[in-house]
Amino acid sequence: MAGVSTVLIPETVAGAVQDEHNDRAYCVKLMDAIAEPVLVTLSKGELRKKMPVEAKKGHEESRRRVTHLEAFGRLMAGIAPWLELGPGADQEGKRRAKYIDLALKSIDMAVDPQSPDFMNFNGDAQALVDTAFLAHGLIRAREHVLSKVQGKTRTQLLEAMRSSRVIKPGFNNWLLFSAMVEALLLLLDEKPDLMRIDYAVKEHMEWYKGDGWYGDGPGFHWDYYNSFVIQPMLLDIVRLLVDHGLEKEDFYAQLLRRAQRYAVIQERLISPEATYPAIGRSLAYRFGAFQLLSQLSLHHQLPESLPPAQVRSALTAVIRKQMGAEGTFDQDGWLRIGFCGHQPEIGEAYISTGSLYLCATGLLHLGLPKSDAFWQGPSVPWTSKKAWSGHAFPIDHAL
């Protein structure tokens, strides 16, 4: 795909100039490189035909049944806040207009049973996961995407969402996938099953382990699922409940305090060299591991100890490091399995090409306009960079 090499950014290729506009320009280019292959082909009904399916040996066929909804749902969950800025007269605004149009055409293709790219919303357990990611994306882009889904497509979208109810979620973070589907129906005033939402939220309250960390089910998991799924979905679901008079603001504030503590930990995990520990499951989701830090940035909810420009500097540095690795994209612009480059051996049995698009959720902060202080402030060394260079840095405290 033409132009992809300009985004695989070894710093020597892209240039290391760090003015106030460079980080955003890089992130927009990267988003473009990630999103274009998926949305262009899907909008034409050619995603199944053109998207490669890389998966663990022996699992290719089972993943082929679910990988296309993975790619679309996860991508939409990530790019939705940027789309929600709406069209504009500048180059970026025109690009958003293009992607809003592609997203609407892609939704039509995904939910129409007569489409060559009609997606699997209920035929495999995995379908629940990515139905929920698509629902999350639509909630995040309610004005410029969701509100424009009308007529037959809206009816088919609702049917697709409801059809996932036949899937029994696991007794872990999967409860939030069922809840997220119902949250979209709540937003649309389409008879949500509030019990599924209430059950998911209450169980996660039981699974809280302390100091900003939830278990993935009753047990503790040292991985990035608090950011891949748990805290971003929990915050957005409960925010909807509060907005609809179904939950109290104080409860949301409690969840936010926990999320802010976890965000502090996330920022400190980024090393002076812009790397982070390769621990836990699903490392092929790459910088999607920082979805929560990106989400709090988007909503101006970062704790006082984390200046927005410092978070931007840390996030952009780690994204550049990870996505600039050779082999991250194939020659046609599709993501390949890996943590830093192409490392197919790190892909679990449930990982395939579509799974990898969860990385897009690490770009939620693109939903902040370019005038925001997050983008406009000069680059600032992040916490570990300060600490390991002998400069003053804040003492850390448990919640």
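Rule-based calculations on the coordinates, nothing more; no lab input. It should be emphasised that the depicted structure is a prediction, and the values quoted were computed from it without experimental measurement. Positions of Cβ are backbone-derived with ideal geometry, glycine not excepted, and every protein chain shown enters the neighbour counts.
Before moving on, here are some points about what is shown:
- Annotation: amide H of Val66 has no partner in the under-5 Å range at sequence separation 5 or more or interchain, hydrogens built in the peptide plane.
- Gyration tensor verdict on the stretch 239-319 (Cα atoms; rounded if a/c is under 1.5, prolate if a/b is larger than b/c, oblate otherwise): prolate
- Debye-formula intensities of the chain, expressed as log10 I(q)/I(0) at q = 0.13, 0.15 Å⁻¹, are -1.09, -1.53 (one equal scatterer per alpha-carbon, no solvent).
- Kyte-Doolittle mean at least -1.0 and Cα axial length at least 27 Å: DSSP H helices in the chain: 22-43, 91-111, 249-269
- Measuring between alpha carbons in the structure, the pairs from Lys94/Lys385; Lys56/Lys321; Lys148/Lys191 lying more than 27 angstrom apart are Lys94/Lys385.
- Packing rank of 350-358, 165-173, where each peptide gets the mean count of other beta carbons within 10 Å, highest leading: 350-358, 165-173
- Put simply, the amide H of Tyr208, placed in the peptide plane, has neighbours under 5 Å in Gly215, leaving out anything fewer than 5 places away on its chain.
- Integer Hz, Karplus 6.51/-1.76/1.60 couplings in order for the stretch 358-375, x for Gly and Pro: 5, 4, 4, 5, x, 10, 4, 5, 5, x, 7, x, 4, 7, 5, 4, 4, 8
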